[in-house]
Amino acid sequence: MTDTAHPLSPQDSLVALMIAVSASDENVRTAELVKIDGAVNNLPIFAEYDADRVQVMSALVFDLFEQEDGLDALFGLLRDHLPERFYETAYALACDVAAADGTLKEAELRLLEEIRYELNIDRLHAAAIERGARARHLPA
């Protein structure tokens, strides 16, 4: 369902990954959507990003998740459209979305593990990123 007139940007890839994490447990929560919206509206990497593309990326992710090998296809898109220098950024955003509602579901944990593997995130770096996400999302 990718629009060939508008190939995926690195930012599209980041948004798709955040949406995938949110949808991984088959329950997209408001806190996760707010986290995605906040990232797109506030982080420097999204400064020139057309926020209307979030809907396009949502549709793409949900279409992929309906396919048997949809997760593999998602990781293929990430490898094709996301420069390696953004891999840790992608993992950090994924962790923030997973932690946004204050709990990590088994499906989210499995997807984070798969992201670490697919993006070849160093285990020590991953632990630091995960700890930062946990610290930012502790309840009062």
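The values are calculated or read from the model by the stated rules, or taken from the named source; none is laboratory data. Just so we're clear, the structure is a prediction, and the values are computed from it rather than from any experiment. Positions of Cβ are generated from backbone atoms using ideal geometry, with glycine treated the same way; all protein chains shown enter the neighbour counts. The area values use the complete protein model at the heavy-atom level, side chains included, leaving out ligands, DNA and RNA. Shrake-Rupley method; radii C 1.70, N 1.55, O 1.52, S 1.80 Å.
Share of the chain's accessible area from carbon and sulfur, percent, 1.4 Å?
The computed percentage sits at 51.
What is the distance in Å between the Cα centres of the stretch 94-140 and the stretch 25-56?
When both Cα centres are located, 17 Å separates them.
Report the gain in length on full extension from residue 47 to residue 140: 0.36 nm times residue separation, minus Cα-Cα distance, nm rounded to one decimal. Mind showing how you got there, number by number?
Values: separation 93, 0.36 × 93 = 33.48 nm, distance 3.07 nm.
Stretched out fully, the residue 47 to residue 140 stretch lengthens by 30.4 nm.
With every protein chain left in place, what is the accessible area of residue 103 in Å² (1.4 Å probe, nearest 10)?
Near enough 60 Å² of accessible area.
Per residue, how much accessible area does the chain show when a 1.4 Å probe rolls over the protein heavy atoms, in square angstrom? Before the final figure, lay out the partial values.
Details: 7840 Å² over 140 residues.
The answer is 56 Å² per residue.
Heavy atoms only, 1.4 Å probe, whole protein assembly: order 134, 29 by accessible area, highest first. Before the final figure, lay out the partial values.
Details: 134 120, 29 55 Å².
Order by accessible area, largest first: 134, 29.
With the Cα gyration tensor of the chain giving a ≥ b ≥ c as the square roots of its eigenvalues, does the rule (a/c under 1.5 for rounded; else a/b larger than b/c for prolate; else oblate) give rounded, prolate or oblate?
Details: a/c = 1.35, a/b = 1.30, b/c = 1.04.
Since a/c stays below 1.5, the shape of the chain is classed as rounded.
Which of the peptides 53-64, 113-124 is most tightly packed, and how do the rest follow, judged by the mean count of other Cβ atoms within 10 Å per residue?
Numbers: 53-64: 18.1, 113-124: 14.6.
In descending order of packing, they fall as 53-64, 113-124.
On a full-extension model of 0.36 nm per residue, what is the gain between residue 63 and residue 128, subtracting their alpha-carbon distance, rounded to one decimal in nm? Can you show the working numbers first?
Numbers: separation 65, 0.36 × 65 = 23.40 nm, distance 3.24 nm.
Here the answer is 20.2 nm.
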